[in-house]
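Report on the structure given below.
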Amino acid sequence: RLQNGERIALVSDAGTPAVSDPGAIIVDQVRTAGLRICPLPGCSAAISALSASGLIHDQFYFVGFLPAKAGQRDTALQQLVNMPATMIFYEAPHRIVDSVQALLHAFGGDRQIVFARELTKLFEEIHRCKLSEASTWLQADSHREKGEFVILIEGAAQSQDEDQTEAKRVLSILLAELSVKQAATLAAQITGQKKNALYQLALEMKGE
């Protein structure tokens, strides 16, 4: 029907199609056939939750749904332990308690977690606390275990040594092609570190 010139909409009642649902299979097949895909802007639960979280970071990493099996879930979380960006998960109500326990085990109790439940719906609820307090809050009211969840986890804090190592790595690449000033400016945009400090570090690396 598409090849005959018709316009067909892919619509979902559970969020944006092709984001953590099988809609991606349809999109892939349409693209493979050489046909045009036109996204229509709409509400994104991940972005809505991020905007209301108050977690201060200029990067985020969308994880989506974790594996259903405990072993696979734990393995997936271990790969995210050192992720510096805010992490965004989707979760179903029947798995939320187990998933929160797994998050606590993987990331420890000090990181901030945000529960964004039933976004844009009648019983919308957004709650932020430490991971050590998450299970207690969740189980204090049975209604809190209902609905569709977006979960946000604070990213890993980078030490000064890690920041310095990353800054040197980025600057070494940029200084091969750019001036000290240009390299420092771009490195600041890439790493999020202060431009003046990167400029001084670049001068030291150049031996100036």
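Brief remarks on what is shown
- DSSP H segments from the chain that extend 15 Å or more along their own axis, Cα-based, with Kyte-Doolittle mean of 0.5 or above: 96-107, 180-191
- Cα-based Lys pair tally, the chain, threshold under 19 Å, eight or more apart or on separate chains: 10
- For the stretch 67-128, the relative contact order works out to 23 percent when only alpha carbon pairs closer than 8 Å and six or more residues apart are counted.
- Residue ranges 145-152, 87-94 sort as 145-152, 87-94 when ordered by packing (mean number of other C-beta atoms within 10 Å per residue, highest first).
- Calculated [θ] (222 nm, deg cm²/dmol) that DSSP helices of n ≥ 4 give over the chain, each run adding -39,500 (n - 2.57): -13000 deg cm²/dmol
- For the chain: relative contact order, % (alpha-carbon pairs under 8 angstrom, 6 or more apart): 16 percent
- Here the chain is treated with +1 on each Lys and Arg Cβ and -1 on each Asp and Glu Cβ, and its dipole about the Cα centre works out to around 480 debye.
- In terms of its alpha-carbon gyration tensor, the chain comes out oblate; a/c meets the 1.5 threshold, while b/c is at least as large as a/b.
- Cut-off 13 Å, label 7 Å out along Cα→Cβ of ALA157, residues of the stretch 82-126 by amide N: 109-112
- Measuring nothing but protein heavy atoms, the accessible surface of the stretch 48-121 at 1.4 Å probe radius is 52 percent carbon and sulfur.
- Accessible area per residue, Å², the chain with all protein chains present, probe 1.4 Å: 64 Å²
The values are calculated or read from the model by the stated rules, or taken from the named source; none is laboratory data. These numbers come from a predicted model, not from an experiment. In this analysis, Cβ positions are derived from the backbone assuming ideal geometry, glycine residues included, and neighbour counts consider all displayed protein chains. Please note that ligands, DNA and RNA were not included when accessible areas were found on the heavy atoms of the full protein model with its side chains. Shrake-Rupley method; radii C 1.70, N 1.55, O 1.52, S 1.80 Å.
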